[in-house]
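The block underneath contains the structure these notes are about, expressed in structure tokens.
No lab work stands behind these numbers, since they all come straight from the coordinates. Because the structure is predicted, anything quoted here is derived from the model rather than measured. Backbone-built Cβ (ideal geometry, glycine too); neighbour counts: all protein chains shown.
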Ligand code: HEM
């Protein structure tokens, strides 16, 4: 039996605005570095310490003042109700080195226009059609696994997530060479961006260091792969209905102009970065947690068997797999794909009882929020039953935001949810996952906390051979 969680505690109230109130400061900063060292060397612990110092707490990045916002109502104000008063801030300015003016990093009216073009292609109507390709890709890869094989699950799921984004959204098969290039370069880029976002001084980006050289090389490799994808797509006969075709065909409502080649590149690199390591990380954590909680794994397999019979999962099944969605929800609570995000007020903004100055560096951590013991009892326990309908009624609206919220919330949420559900179903219908080592996984924090090397042993399920592919 799963441990019954205590009732959700009553929500914390955000304070009333009292402009001018002093913002508490985080102790423990170093001269010149401020708290940059803590953010760099033990980021997940540090964002949780920041949370313990109040709803808003001041700290320093080098000699610059920065603020962490920890209360769900205040985070909601930044992301949703007062979003027009915030830009995306320092982290995303650094992100422009890679994603330039793509959907993740662009601002204002330009961002809205691009979002109007891209968002519909990642919504339900298209997901229905994407699900069968997602299934084919997962099926082909998982069927190569052998009974008792030890699998580097983190790598396997990265390959699957990369193949899914490139085949579904760009109708491209990368092949081994280009997949390996992305696999090598993406982590280097994410690590470099994470480092730059919290660096105490900007100059560090520009020095001729080994790390900066590796970053530049990784960027050139990704650029090469994306230029190939776009060139291949352009050389195909018209008729493809994927996201890249829509980007190439899009016209500005007023001027009638199409997107420049540079802009198409920016959106493709954005989708590749936003859509690969995020989903791969979430899937890896889900497999890891299931391997460590055999009862939960068995319960999930029982649901899949009961709902699907001898078929594999299809789009119409997704709504019925309630426990699967609870497992995904709980995985994304414990291991959200972004450990910290940033914003910057465009004008002085009253947030709760404090005022944040225009231009400030403002950090919020979905990781710290979703492990807050005042919101989630036993916050570090993996308990998918927290998400039984009705149990979460007491949670403040934005206490759970793995996909962010508001106009800058994740454009690929429905895509990612469908992809995770399909891949987990395909794996767990055929195999039971067991830890291959007793060593617990330790998150490696780049821009996205990844599980690091995660070997799992796969055990073929006795009736897992007779599954019919989805029609
Ligand atoms: C488990 C998987 C994923 C998680 C947890 C996730 C999470 C997030 C979060 C938290 C944000 C908001 C960032 C902010 O507020 O600053 C975001 C934005 C975004 N995500 Fe995702 N994401 C996932 C998968 C995907 C996928 C598969 C795609 C594309 C196919 C995607 C595309 C984007 C884009 C384009 C944005 C920027 C949206 C904008 O600013 O308009 N994401 N994501």
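A few points about this structure:
- Rg over Rh for the range 204-346 works out to 1.08, using Cα positions for both radii and the Kirkwood form for Rh.
- Solvent-free Debye scattering, log10 I(q)/I(0), computed from the Cα coordinates of the range 119-164 at q = 0.14, 0.20, 0.31 Å⁻¹: -0.43, -0.72, -1.12
- Taking only alpha carbon atoms, the range 118-199 gives an Rg to Rh ratio of 1.05, where Rh is the Kirkwood radius.
- Relative to the current alpha-carbon distance between residue 203 and residue 322, full extension at 0.36 nm per residue lengthens the span by 37.9 nm.
- Added length on full extension, which subtracts the Cα-Cα distance from 0.36 nm per residue, residue 380 to residue 413: 9.5 nm
- Cα-Cα separations in the range 139-295 greater than 27 Å, expressed as whole percent: 38
- Fraction of antiparallel bridges per DSSP, the chain only, in percent to nearest 5: 85
- Relative contact order [Cα under 8 Å, 6+ residues apart], the chain, whole percent: 29
- Helical runs assigned H by DSSP (4 residues or longer) give the chain a calculated mean residue ellipticity at 222 nm of -15000 deg cm²/dmol, each run adding -39500 (n - 2.57) before division by the residue total.
- Share of Cα-Cα pairs in the range 70-162 lying beyond 18 Å, as whole percent: 68
- By the equivalent-ellipsoid construction on the alpha carbon gyration tensor, the range 279-325 comes out with semi-axes of 20, 14, 8 Å, ordered largest to smallest.
- Note on the range 373-456: Kirkwood hydrodynamic radius from all Cα pairs is 16.2 Å, rounded to one decimal.
- Here the extension length gained between residue 255 and residue 42 equals 71.8 nm, from 0.36 nm per residue of separation less the Cα-Cα distance.
- Computed over the alpha carbons of the range 77-232, Rg followed by Dmax gives 18.6, 55 Å.
- From least to most packed, judged by other beta carbons within 10 angstrom and beginning with the fewest, 105, 131 follow the order 105, 131.
- P(r) tail fraction, the range 312-405 - alpha-carbon pairs more than 17 Å apart, %: 60
- Here the scattering of the chain is modelled by Debye summation over its C-alpha atoms, one equal scatterer each and no solvent; at q = 0.09, 0.11, 0.13 Å⁻¹ the log10 of I(q)/I(0) is -0.62, -0.94, -1.32.
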